[in-house]
Amino acid sequence: MIKTTNATLQGLITGGLMIAASLLIYQTKSSFDNNLQFIVYALYILGLAWTLHNFRIYSSKKKNFKQYFSHGFKCFVVVTLLMVAFTWAFMQLNPQMENEMAENTRREMMGSGNYTQAEIDSNVTKAKEYYTPMLISMAIFSYLLIGSVITATLSAILLNLPKKTADA
């Protein structure tokens, strides 16, 4: 087993694996909208578990919930930053995704028959304007929320396990 206790480095490794998995999924399925995305979330959870497990085994610090959560926090903040940067870069390199969303919005609005052409054009323009910021906001919120919930849960679980060290 690799002795790595640096939560920031573990966050970089976890985020890198998540980005690689995301790119592989997109390359394979031409979309992020499929069940394979759960692989990315599984990597996130495993990365957090790895970080907290290593802290439990290799750190000589007295461990309490705050210490565990602080260590996990360092990891999931780095992962969040990487995934947000990836989301932004991916959207910049793939503007066709924004255009596809705009066309889908236009089609749905025209199909409903409840909008004038001017309203449709205005709403499509606004949707395109807010598409990337919306995706980035969703990435920030979801990765921070998932990271904090998983870290809190794993911290509570690890606190209640019998003591274990690298020497044991």
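The values are calculated or read from the model by the stated rules, or taken from the named source; none is laboratory data. Keep in mind the model is a prediction, meaning the values are calculated, not measured. Virtual Cβ from ideal backbone geometry, glycine too; neighbours counted across all protein chains shown.
Would you mention how many residues in the stretch 2-46 are at pLDDT below 85 and of a type in the set (S, T, N, Q)? Full working, then the answer.
Step one: filter the stretch 2-46 for residues at pLDDT below 85, giving 2-5, 29-35.
Restricting the remaining residues to those that are of a type in the set (S, T, N, Q) gives 4-5, 30-31, 34-35.
Adding up the residues that qualify gives 6.
All conditions but one from (1) closer than 23 Å to Arg56 by Cα; (2) in contact with a Lys or Arg (Cβ under 8 Å, 6 or more places away or on another chain); (3) not charged (D, E, K, R) apply to Ile120; the one that does not is (1).
Quick test for you: out of Asn54, Asn114, Asn35, pick the one residue that is polar (S, T, N, Q), touching a Ser or Thr at 6+ places or on another chain (Cβ under 8 Å) and at negative phi. Talk me through it step by step, then tell me what you get.
Values: Asn114 fails: touching a Ser or Thr at 6+ places or on another chain (Cβ under 8 Å); Asn35 fails: touching a Ser or Thr at 6+ places or on another chain (Cβ under 8 Å).
Testing whether each residue is polar (S, T, N, Q), touching a Ser or Thr at 6+ places or on another chain (Cβ under 8 Å) and at negative phi leaves just Asn54.
Going by the structure shown, is Lys63 under 26 Å from Ile150 (Cα atoms), in contact (Cβ under 8 Å) with a residue 12 or more places away in the chain and not in a helix (DSSP H, G or I)? Yes; evaluated as a whole, the condition is true for this residue.
Only one residue in Met97, Met110, Met134 is over 16 Å from the mean Cα position of the chain (by Cα), in a helix (DSSP H, G or I), without any contact (Cβ under 8 Å) to a residue 60 or more places away in the chain and within 27 Å of Ala20 (Cβ to Cβ). Which one?
Numbers: Met110 fails: within 27 Å of Ala20 (Cβ to Cβ); Met134 fails: over 16 Å from the mean Cα position of the chain (by Cα).
Sole residue among the options that is over 16 Å from the mean Cα position of the chain (by Cα), in a helix (DSSP H, G or I), without any contact (Cβ under 8 Å) to a residue 60 or more places away in the chain and within 27 Å of Ala20 (Cβ to Cβ): Met97.
Residues in the stretch 68-84 that are among the polar types (S, T, N, Q) and over 13 Å from Ala152 (Cβ atoms): Thr80 only. Would you say Leu12 is crowded, with 20+ Cβ neighbours inside 10 Å, among the aliphatic types (A, V, I, L, M), touching a helix residue (DSSP H, G or I) at 6+ places or on another chain (Cβ under 7 Å) and part of a helix (DSSP H, G or I)? The answer is no for Leu12. There is no residue in the stretch 24-40 that is part of a helix (DSSP H, G or I), over 14 Å from Ile146 (Cβ atoms) and acidic (Asp, Glu).
Would it be correct to say that His71 is over 12 Å from the mean Cα position of the chain (by Cα), surrounded by fewer than 19 Cβ atoms within 10 Å (Cβ to Cβ) and assigned to a helix (DSSP H, G or I)?
Values: over 12 Å from the mean Cα position of the chain (by Cα): yes; surrounded by fewer than 19 Cβ atoms within 10 Å (Cβ to Cβ): no; assigned to a helix (DSSP H, G or I): yes.
Criteria not met by His71.
In the stretch 94-144, which residue that is within 22 Å of Lys29 (Cβ to Cβ) and small (Gly, Ala, Ser) is surrounded by the fewest Cβ atoms within 10 Å (Cβ to Cβ)? Per the stated criteria, the residue is Ser142.
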